[in-house]
Amino acid sequence: MPDFASEDAILEKLEADVAEAPADQTPAAVRFAELGLPSAVVTALERQGMTDAFPIQSATIPEVLAGRDVLGRGSTGSGKTLAFGLPLIAKLAGARVRPGRPLGLVLVPTRELALQVTDALAPLGRTVGVRVRPIVGGAAMSRQLEDLRRGVHVVVATPGRLEDHIRRGSAVLDDVEITAIDEADQMADMGFLPVVRGLLDQVRPDGQRLLFSATLDNDVDTIVREYLKDPVTHSLAPSTASVDTMEHHMLHVIHADKVRVAAELVKSTGRTIMFVKTQAGADRLAEQLTERGIFAEPLHGGRTQGQRNRVLTNFKNGRSPVLVATDVAARGVHVDGVGLVVHYDPPTDPKSYLHRAGRTARAGASGVVATLVAPYSRRSAHRLAKLAGINPTRSTIAPEAPLPSVLTDALPPAPPPPTAEELAAAETRRRRDREFDADRGRGGFRRGPRSGSGERGYRGGPRRSDGPRWSDRSERTDRGERTDRGDRPQRSERGGSDNYRAGRPRWTPEQRSARHREDRNPR
């Protein structure tokens, strides 16, 4: 590892690059065919309508192909996935891979992001014989074991599940030549850096490392210093530069009117992501919007992986134009065409605000970010805007009042309203998910029918066959008439337990000892 003049050398170099290349000085467009990529990959990109590289791609791809370590800093939607994915595929084209020993590794913070990176790279990899597979938690282990056994060139993994495979011996990182870490700052926020360090210690020491992050705080700079060898740095703009392509609005509303305002926002535009604080809040808001005739589905960690995949698919293809998400779940949502981001529950720090806002205005497009601010949160919201480096348009919306024209004029056009059949289908899906969650006990074991209601017991196991069923029991015998209670003394007359016990025969200590001996030594 090179000897830097100080521990902050890389950070100082990066900040210098940012100062020398301001956001408005972007390089001329470069075609993918000019970057040294295999012709089959370029042809596949052209079929997808991609001929010109984004700035971070044109700057990064030649450096990676030349074998340099790369430190990239760019906002969400700047094209980072192809910036490291294309040269990774190009360098591994034609390579032979052994079972359980991948040659390339991509580490990402969330399952959703891993699946999206895989979806972007796998079709391109197939054109040159490079297999790209996801290794994530919440998915079937058997499928992942089969993929590793067959041999995988590039593994796109979340740190926890990859660590599980290494522990059980199904994956070994000794052959990994290129390692890419995407969204490193988010991994730091989620506490994954210790696991990431352990994984980096297992790859080839002479391998190539690529790290992409919006910021370099929370010990991300430590990873850079320890594991990247004389990296070339590329940064298009500071982490707050992307806010320039967004319109920011703060809407002062009372709490009781938030759902109505949120519904009016969605009705006025197209694809929307709404952020809330809790999983229960996401479920509740999605249900309230659906009741108002708006397609909305919740996305949070309390849902199964299959449900989350279905929600994301519906959101991508426009079947559900509204996504109600928590911060952690939405970190892997990288979908183009999101015209509106709504902070239904405002974030508590500027970094979270910028990460949320980054779901819109991707790849140079424009977008609108609206924050619903309750009267008691105005001061903290204004402080948040100042720290985030934005100057939002502030509007006060009275109960049942329409949205301000300054906001509605900025929103993208709304899609046609859903039909009655589509609303019914959405309600059916939502009800099925609720029943499934209730049946699972919110993550617990699946329960079977209660005892006596079929051939299976309460926990789903077989019924006991040695006892009579309810229907087989004999009729209860006649117990006769009960004695008349009228002649018995009332409780107050009985004098409580002392007088009651006084009528019982008392045992002497010798009798108790004898009875105890008989119990311990039965004949």
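Charged (D, E, K, R), out of contact with any Lys or Arg (no Cβ under 6 Å at 6 or more places or on another chain) and in a helix (DSSP H, G or I) - does that describe any residue in the stretch 96-105? There is no residue in the stretch 96-105 that is charged (D, E, K, R), out of contact with any Lys or Arg (no Cβ under 6 Å at 6 or more places or on another chain) and in a helix (DSSP H, G or I).
Step by step: first the residues of the stretch 106-118, then only those that are assigned to a helix (DSSP H, G or I) and among the aliphatic types (A, V, I, L, M), then the one that is farthest from the chain's Cα centre (by Cα). Which residue is that? Among residues in the stretch 106-118 that are assigned to a helix (DSSP H, G or I) and among the aliphatic types (A, V, I, L, M), the one farthest from the chain's Cα centre (by Cα) is VAL117.
Restricting the stretch 289-330 to residues that are assigned to a helix (DSSP H, G or I) and under 11 Å from the mean Cα position of the chain (by Cα) leaves a set whose member that is surrounded by the most Cβ atoms within 10 Å (Cβ to Cβ) is ALA329. Within the stretch 265-287, the residues that satisfy the criterion of being aliphatic (A, V, I, L, M) and out of contact with any Phe, Trp or Tyr (no Cβ under 6 Å at 6 or more places or on another chain) are LEU265, VAL266, ILE273, ALA280, ALA282, LEU285, ALA286. State whether one or more residues within the stretch 113-129 are in contact with a Leu (Cβ under 6 Å, 6 or more places away or on another chain) and either small (Gly, Ala, Ser) or assigned by TED's automatic domain parsing to the domain that holds SER170 (or both). No, that holds for no residue. Exactly one residue among ALA286, ALA370, ALA262, ALA282 is over 19 Å from the mean Cα position of the chain (by Cα), surrounded by 20 or more Cβ atoms within 10 Å (Cβ to Cβ) and in a helix (DSSP H, G or I), and that residue is ALA262. Against the conditions (1) outside any helix (DSSP H, G or I); (2) at pLDDT below 90; (3) of a type in the set (A, V, I, L, M, F, W, C); (4) touching a Pro at 6+ places or on another chain (Cβ under 8 Å), ALA28 satisfies every one except (4). Just to be sure, is ASN314 under 26 Å from ALA120 (Cα atoms) and free of Cβ contacts under 8 Å to residues at least 24 places away in the same chain? Yes.
Of the helices (runs of 4 or more DSSP H) lying entirely inside the stretch 122-239, those containing at least 1 residues that are in contact (Cβ under 8 Å) with a residue 24 or more places away in the chain and more than 21 Å from THR110 (Cα to Cα) are 141-150, 220-227.
Table: residues versus (1) within 25 Å of ASP409 (Cβ to Cβ); (2) at pLDDT below 90; (3) assigned by TED's automatic domain parsing to the domain that holds THR393.
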| position | (1), (2), (3) |
| --- | --- |
| ASP217 | no, yes, no |
| ASP230 | no, no, no |
| ASP257 | yes, no, yes |
| ALA262 | yes, no, yes |
| ARG271 | yes, yes, yes |
| GLY281 | no, no, yes |
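Going through the stretch 149-200 one residue at a time, which ones are closer than 16 Å to GLY137 by Cα and aliphatic (A, V, I, L, M)? Scanning the stretch 149-200 gives VAL155, VAL156, ALA157, LEU162, ILE166, ALA171, MET187, MET190, VAL195, VAL196. For the stretch 331-341, state whether one or more residues are assigned to a helix (DSSP H, G or I), at pLDDT below 90 and not assigned by TED's automatic domain parsing to the domain that holds GLU112. No, the stretch 331-341 contains no residue that is assigned to a helix (DSSP H, G or I), at pLDDT below 90 and not assigned by TED's automatic domain parsing to the domain that holds GLU112.
The values are calculated or read from the model by the stated rules, or taken from the named source; none is laboratory data. Predicted model only: the values in this text are computed from it and were never measured. Cβ sites come from the backbone with ideal geometry, for glycine too, and all protein chains shown count toward neighbours.
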